[in-house]
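Down below is the structure, laid out as structure tokens.
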Amino acid sequence: MSLDEFFVTGDPLILASQIAIGLTMIGLIALVTYLKRWKWLWSEWFTTVDHKKIGIMYILAGVLMFFRGGVDGLMMKAQTSRPNLEFLDAQHYDEIFTTHGVIMILFMAMPMLIGIMNVVIPLQIGARDVAFPKLNALSFWLFFVAAMLFNVSFVIGGSPDAGWTSYFPLAGKEFTPGVGNNYYAIALQIAGIGTLATGINFIVTIVKMRAPGMTWMKMPMFTWTSLVTSIIIVAAFPIFTVALAYMTLDRLFGTHFFTVAAGGDPMLWLNLFWLWGHPEVYIVVLPAFGMFSEVIATFARKNLYGYKSMVFSVVGIAFLSMLVWVHHFYTMGNSASVNTVFSLTTMMIAIPTGVKIFNWLFTLRKGRIEFSNAMLWSLAFIPCFTIGGVTGVMLAMAAADYQYHNTMFLVAHFHYVLIPGVVFAVFAGLYYWWPKMFGFKLSEKIGKWHFWLFVIGFNLTFMPMFFVGLDGMSRRMYTYSEGLGWEGWLGFSAVGSIVMAAGFAALCYNIYWSFRYAPRDIGNDPWNARTLEWATATPAPHYNFAKIPEVTRLDPYWDMKKKGETGLKKSDLKPVHMPSNSWTPIFLGVAFGVVGFFLVFEWFTLAIISSIGIIIGLVANSFDYDEGYHIPVEELEEEERAWRGDLK
Amino acid sequence: MLKFKKGMYYLLLLSMPLFLAGCESKLVVFDPQGPIARSLTDLILFSIIFMAIIVLVVFLLFGVIVWKYRARPDNKDYEPPEEKGSHVLEIIWFVIPVLIVIALMIPTAITIYEVEDIPEGYEDQDPLVVHVTSADWKWIFSYPEQDIETVNYLNIPANRAIQFKMTSAGTMQSFWIPSLGGQKYTMANMQTNLFLVADKPGSYMGRNTSFNGKGYAHMEFEVLAQSPSDFDEWVEEVKNTADPLEEEKYAEILKPGVIGRMTFNNTHLDWIDHAHGGSDQYIDSELYRITHGDEEHEETDGHEDSENKEDTNEVETEEEADVHGDSGHDQ
Ligand code: HEM
Ligand SMILES: [Cu+2]
Ligand SMILES: [Cu+2]
């Protein structure tokens with residue numbers, strides 16, 4: 001392979017990005033060296049096993065990926081804003097919508113949500129960390145390395161270009177011979193291992209480590225939804241693992257699981273993909289439902305309405321989500337009876353979803369609604385998501401779907417569920433839990449800009465897509481001719497995407513501004529909240545709770561505040577056992593990345609040699625007898641006094 | 001937060017009439033030109049009524065509640081009550097969606113079964129059989145009874161059921177003529193079946209909706225529904241003027257690329273039916289290799305050069321109209 005096959009050459013846009021990436025890397029390394037921060041980075045971040053820091057790293061990576069995926073989106077909108085534009089050619093457009101989809105779902109939505117789960121869940125259930133802190137760090141590094149591997153494709157070797165769904169036979173070697181789609185198969189496999197480990201970790205954490213007294217029906221809603229999400233992860237991700245393994249075998253070793261030739265079965269890929277893919281959309285939306293529940297209860301100053309039916313709805317949604325995958329290919333020539341059954345199961349999902357919407361509305365009723373930024377996002381979610389939901393029901397009706405399938409109508413639907421359902425939730429969660437992470441609030445004033453620009457831009461961008469879809473425009477078209485009546489809708493939509501991007505810029509500015517100027521003296525409970533994460537210092541100390549709280553009812557912290565039981569007795573302090581930092585997770589992550597890279601290029605000798613790195617990491621990990629360390633009572637006392645004043 | 005509620009209210013006002021306006025204007029899905037498309041449109045309109053009611057109820061409740069219970073300086077001391085929930089209310093908003101699902105499910109099931117068959121009133125005549133073979137990035141239509149074949153355009157008689165027997169020579173495509181009915185996939189090594197009817201003569205747009213690589217956006221074709229006598233005349237003319245298709249030429253056509261219209265006086269079914277295997281002998285993955293950079297960009301007419309320099313683009317026949325742009329679906 002010659003060098004100019006290795007690096008993607010010849011396109012000025014890509015050359016510019018290659019140079020920019022190179023310069024940024026050099027700049028960052030120089031900066032860290034100049035500030036003498038290498039040791040700090042290594043010992044405070046790269047080797048950390050603290051769930052809060054891991055959460056922050058997830059969120060940071062998610063924001064970066066949001067930026068990358070967003071630029072992809074803007075480029076697509078620019079290209080289709082007028083008929084017959086030649087800003088991007090077909091190949092680039094195909095690569096961009098593929099990376100957009102993969103990055104937004106797997107490298108933006110997932111890490112953002114898992115990041116917030118990481119920060120919040122142990123605090124919310126009154127635990128000192130997750131069940132397996134080191135495994136948690138490994139999950140993060142596998143995700144991060146996979147994200148980097150996937151992103152490097154556009155400058156080295158070429159990006160995948162068969163869509164985020166990568167349908168066979170198109171995605172096979174027969175029709176996509178380059179290395180691009182190998183990146184898809186390998187990077188997602190690595191990320192998937194990390195996600196699966198996260199699922200197991202959070203199931204064990206939530207099942208085993210809740211504070212005394214926190215029975216199932218006293219768990220906060222976000223904890224419930226995170227538990228159910230983790231269960232779906234464990235149920236669904238192995239399917240994807242298998243599908244990707246078959247894909248890898250087909251592409252790298254010439255097997256025929258999904259090929260046209262030699263009796264392969266491409267329909268098997270569609271089934272496996274959606275057996276994972278549909279649950280996946282609920283994996284990302286359920287934690288979001290939980291966050292909205294917390295935020296709405298806090299700022300309506302009321303407990304969550306219909307808590308029990310909320311729990312049952314979440315469990316019901318999870319169960320049904322495994323039974324609907326065929327709705328993604330009603331048009332594959334299934335028998336009428338198959339399509340009828342899957343129409344029914346799909347529509348049934350709307351029932352528990354509707355129950356949740358009404359419970360949120362009735363939580364608001366009789367409340368005293370404060371329009372903080374976190375609350376604004378949660379409120380905007382309700383009407384926007386309703387539009388996404390009802391169009392989902394329209395798509396669920398198989399016969400009608402014959403007219404919507406693979407059109408812009410479908411694209412509009414899933415953006416109307418994913419953006420309000422996930423992105424709004426992430427924003428709400430960030431505004432709400434930001435103080436818990438960093439000890440200051442994001443600016444409410446700049447946040448209003450962020451909110452209005454983004455919400456208006458979102459509706460302008462995606463509402464027209466419903467109509468252009470009903471007018472016969474299919475998805476993933478890089479260009480279209482004049483006179484079809486589409487350019488009005490698409491031009492409108494392109495303008496909307498700029499407004500939305502301005503909203504994102506406002507968020508970035510808000511983060512910068514607040515880091516510099518926001519007041520730091522906000523106390524431990526800046527929102528007058530209800531759940532345990534606010535019962536400790538803000539930002540949370542590394543040991544989370546000096547004394548594990550005891551729970552007697554839902555919304556325990558609200559109750560404690562009412563009864564004036566938030567204080568801490570000196571006699572209750574005991575030394576706290578903490579896990580030590582570890583180098584093996586980051587080492588293993590990088591080792592997986594190196595092997596993955598060689599596999600992408602099908603350099604098998606190098607891949608085998610470098611897999612020694614993985615073995616070293618695993619062995620070193622197994623022989624790690626570090627028992628952690630104890631924080632002495634004196635240190636606890638000092639830290640607690642610092643924010644509580646005197647102890648009892 | 002007057003602004004917030006107002007914003008949402010406008011959104012509601014804006015979106016609903018737009019949805020409903022679709023029924024009168026020319027959005028292609030709301031402008032059916034045959035009995036199958038019509039039953040789909042009826043189902044869609046029926047569902048939109050329910051959806052509009054749901055959206056209306058939720059938006060109204062939302063607007064009223066958010067407005068009424070907003071924090072104001074004068075209700076500073078108001079302490080919201082603790083509410084567990086209400087069994088009656090929760091049962092109500094569980095049962096209502098159940099009823100809506102039932103109401104939607106019945107016509108959905110009926111329509112699903114209905115569109116799999118020749119529509120009512122057209123059974124007296126045998127359907128015209130057309131074999132559809134999709135390839136990268138063109139549509140091949142074979143008329144076995146007439147023993148003729150077209151590429152990238154489809155002529156059919158109006159007022160008669162057409163039975164499409166569909167397959168693919170490689171990647172998966174989706175065959176969709178929105179004015180006449182719903183879509184269905186075409187897949188190599190298997191056959192899918194679709195019935196469509198056009199009520200009256202006219203020209204409609206057909207396209208692929210399932211992404212299948214670089215030339216995907218160009219996989220459009222014109223559907224010309226003609227009166228039976230015009231259709232017969234056209235068949236006659238083809239039989240008199242078109243050349244026969246040879247195996248070599250066919251292999252040429254199947255190479256990845258975007259081409260114009262073609263017409264032949266026989267069908268490729270004489271030697272291969274992709275529904276029953278054999279496609280792999282035509283697949284040459286080298287032709288799909290991407291060379292970034294020195295890549296040929298599209299020609300001005302929107303045609304895309306295939307990677308092979310053998311000028312598959314030039315193999316046009318007497319019907320040389322471009323497949324793009326002029327396939328106007330509103331006639
Ligand atoms: C009310 C509940 C919902 C129903 C009934 C529903 C129904 C459907 C149906 C039938 C499709 C397939 C349409 C087609 O391919 O023609 C679809 C696609 C999709 N839905 Fe939903 N949906 C619902 C909620 C959601 C939620 C909550 C999410 C994510 C947060 C979501 C994300 C997606 C995505 C990503 C796709 C398209 C994937 C692709 O083809 O690329 N949906 N939905
Ligand atoms: Cu789905
Ligand atoms: Cu053309």
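The values are calculated or read from the model by the stated rules, or taken from the named source; none is laboratory data. Predicted model, so just to flag it, every value in this text is computed and none were measured. Heads up, the Cβs are rebuilt from the backbone with ideal geometry, glycines too, and the neighbour counts pull from every protein chain shown. Note: accessible area is taken over every heavy atom of the protein model, side chains too, but ligands, DNA and RNA are not part of it. Shrake-Rupley method; radii C 1.70, N 1.55, O 1.52, S 1.80 Å.
Results, tabulated for the structure shown:
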read-out: Degrees, to the nearest 10: A:180-208 long Cα axis against longest axis of chain A; value: 30 degrees
read-out: Computed Rg/Rh of the stretch B:106-180, alpha carbon atoms with Kirkwood Rh; value: 1.00
read-out: 1.4 Å probe accessible area per residue over the stretch A:505-648, in Å²; value: 53 Å²
read-out: Nearest-ten-degree value, helix A:584-600 long axis tilted from longest Cα axis of chain A; value: 0 degrees
read-out: Computed magnitude of the charge dipole of the stretch B:118-160 (debye, nearest 20; Cβ of K, R +1, Cβ of D, E -1); value: 240 debye
read-out: Computed magnitude of the charge dipole of the protein assembly as shown (debye, nearest 20; Cβ of K, R +1, Cβ of D, E -1); value: 7960 debye
read-out: Built amide H within the under 5 Å cut-off of residue A:407, gap 5+; value: A:475
read-out: Selection from A:160, A:566, A:258, by position along the positive dipole direction of the protein assembly as shown (Cβ); value: A:566
read-out: Computed over the stretch A:317-404, Kirkwood Rh from alpha-carbon pairs, angstrom; value: 14.7 Å
read-out: Using alpha-carbon coordinates, inclination of helix A:133-152 to the longest axis of chain A, degrees; value: 30 degrees
read-out: Given chain A, longest segment not containing exposed loop chymotrypsin sites (Phe, Trp or Tyr not before Pro) (DSSP; at most 12 other Cβ within 10 Å); value: A:1-622
read-out: Longest site-free stretch - chain A; sites: GluC sites (Glu not before Pro), DSSP loop, at most 14 other Cβ within 10 Å; value: A:87-481
read-out: Separation of alpha-carbon centers, the stretch A:350-405 and the stretch A:144-170, rounded to whole Å; value: 33 Å
read-out: Dipole moment magnitude, nearest 20 debye, the stretch A:1-114 about Cα centre, only Lys, Arg, Asp, Glu C-beta charged; value: 780 debye
read-out: C-alpha center-to-center spacing [the stretch B:239-286, the stretch A:517-561] in angstrom; value: 71 Å
read-out: With DNA, RNA and ligands ignored, accessible area of residue A:571 (1.4 Å probe; Å², nearest 10); value: 90 Å²
read-out: Distance in nm between pseudo-label sites at residue B:193 and residue B:249 (7 Å out along the Cβ direction from Cα); value: 3.2 nm
read-out: All Cα pairs of chain A, percent lying beyond 43 Å; value: 22 percent
read-out: Beta bridges by DSSP in the protein assembly as shown, antiparallel share as percent, to the nearest 5; value: 70 percent
read-out: Listed pairs A:448/B:76; A:356/A:561; A:356/B:84; A:436/A:648 exceeding 18 Å between Cα atoms; value: A:448/B:76; A:356/A:561; A:436/A:648
read-out: Reduced Cα scattering model of the stretch B:23-138, Debye log10 I(q)/I(0), q = 0.12, 0.19, 0.21 Å⁻¹; value: -0.74, -1.18, -1.27
read-out: For the stretch B:92-169 and the stretch A:577-643, distance of Cα centres in Å; value: 57 Å
read-out: Apportionment of accessible area to carbon and sulfur, the protein assembly as shown, percent (1.4 Å); value: 65 percent
read-out: Cβ-based charge dipole, the protein assembly as shown, positive-most Cα from A:73, A:623, A:499; value: A:623
read-out: Two-decimal log10 I(q)/I(0) for the stretch B:66-211, as the Debye equation yields it once each C-alpha is a single scatterer, q = 0.12 Å⁻¹; value: -0.63
read-out: The protein assembly as shown: calculated mean residue ellipticity at 222 nm from DSSP helix runs of at least 4, using -39500 (n - 2.57); value: -18500 deg cm²/dmol
read-out: Residue A:635/residue B:57 FRET efficiency (R0 51 Å; Cβ-Cβ; nearest 0.05); value: 0.35
